[in-house]
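Structure, as structure tokens:
Please treat every number below as a calculation from the coordinates, not as lab data. All values reported here derive from a predicted model rather than from experimental measurement. Note that we place each Cβ from the backbone using ideal geometry, even for glycine, and neighbour counts take in every protein chain shown.
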Amino acid sequence: MQAIRNLFRGPWSSAERLDDKTVVITGANTGIGKETAIDLAKRGAKVIMACRDMEKAQAAVKEVIENSGNENVVCMKLDLADSKSIREFAEAINKDEPKLNILINNAGVMVCPYGKTADGFEMQIGVNHFGHFLLTYLLIDLIKKSAPARIVTVSSMAHSWGSINLEDINSEKSYNKNSAYSQSKLANILFTRSLAKRLEGTGVTTYSLHPGVVQTELWRHLSGPQQFFMKMASPFTKNSSQGAQTSIYCAVELSLEKETGGYYSDCAPANCSAAGKDDVLAEKLWELTCQLLSVTWE
């Protein structure tokens, strides 16, 4: 009921400006990513839309510029299912951008049929967790140099139905698309908690969030009964603009300046599952992730 009340209480708003700030948003060519890009561009930020499909991305850039009146919006190729693409993107950002004030890990895949990334990870954990972990790792020095800075990762309330299977993180022994999605969203929250601890004293803060039940292209892989449920629930779901509000809140809200590692929903602090607060599990996942990505991040 709280979510329904929040839906109708009116949107959160802030007059905060982001002039002279640079923002990277993954998956910004559609849905809440594009709405987030429009809002942050309106605030005067330079917005870099990191997208897999460049044709859609270029069309989205035009839309963001038209809606925001800000010409300082570009798109760059980023495929989170391929570490080579992630490394090329990060290399270009580190070379060409003097600062990166806000990173929004927004892109995601949801309840898709079993598939693997270019690096052999199950697609949902691969894109939603491993891809964003590697991207953040490769950009962290620039982000630290740009402090105060923020890292915002879009999770989901679906994390509360998930568990982390450290013995079979890529669901090779058995695959359930809903469980794999929930695992990846729980991983987002645990990543945010672990990252916050490692960034203490740097001026870089981290946030994870549930955007709400949002009508986006992510629904395309839902099965018949799930589609029926979502159709019935649609009067209580959010459009992309409403769904983007908590991402924007975590990116710009002044009162969050000293907060880090938390989980948010409906533009307010929210409770995540017990597993989402398990620091021992978070550390185990961090170590496994570094091992599988062949990176060293103490």
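Less than 5 angstrom separates the built amide H of MET76 from those of MET49, ALA50, CYS51, all sequence-distant by 5 or more or on a different chain. Cβ crowding within 10 Å ranks MET49, MET76, MET110 as MET76, MET110, MET49, fewest other Cβ atoms first. From its DSSP helices (H runs of at least four residues, each -39,500 (n - 2.57)), the chain gives a residue-normalised ellipticity at 222 nm of -12500 deg cm²/dmol.
Near the amide H of THR153, within less than 5 Å, lie the amide hydrogens of ASN105, TYR207, SER208, LEU209, all on another chain or at least 5 residues away, with H placed in the peptide plane. DSSP finds beta bridges in the chain, and of those with both partners inside it, around 10 percent are antiparallel.
Computed from phi, the 3J(HN,Hα) profile of segment 139-152 under the Karplus parametrisation 6.51, -1.76, 1.60 (θ = phi - 60°) reads 9, 5, 5, 5, 5, 4, 5, 9, 4, x, 9, 9, 10, 10 Hz, with x in place of Gly and Pro.
So which GluC sites (Glu not before Pro) in segment 34-110 end up in coil per DSSP with only 12 or fewer other C-beta atoms within 10 Å?
Passing sites in segment 34-110 are GLU71.
Annotation: lysines with alpha-carbon distance below 20 angstrom to LYS99 (same-chain offsets under eight excluded): LYS21, LYS42, LYS46, LYS77, LYS144, LYS145.
Mind giving me the FRET efficiency for ASP19 and LEU254? R0 is 25 Å, r the Cβ-Cβ distance, nearest 0.05 is fine.
Working: r = 15 Å, r/R0 = 0.60.
Once the sixth-power term is evaluated, E becomes 0.95.
Sites counted here are trypsin sites (Lys or Arg not before Pro) in a DSSP loop (not H, G, I, E or B) having no more than 13 other Cβ atoms within 10 Å; the longest part of the chain that contains none of them is 18-172.
What do you get for chymotrypsin sites (Phe, Trp or Tyr not before Pro) in segment 109-214 restricted to DSSP loop and a cutoff of at most 16 other Cβ within 10 Å of the site's Cβ? Intermediate values should be presented prior to the final figure.
On the way: sites: TYR114, PHE121, PHE130, PHE133, TYR137, TRP161, TYR175, TYR181, PHE191, TYR207; in loops: TYR114, PHE121, TYR175.
Of the chymotrypsin sites (Phe, Trp or Tyr not before Pro), the ones in loops of segment 109-214 whose Cβ has at most 16 other Cβ atoms within 10 Å are TYR114, TYR175.
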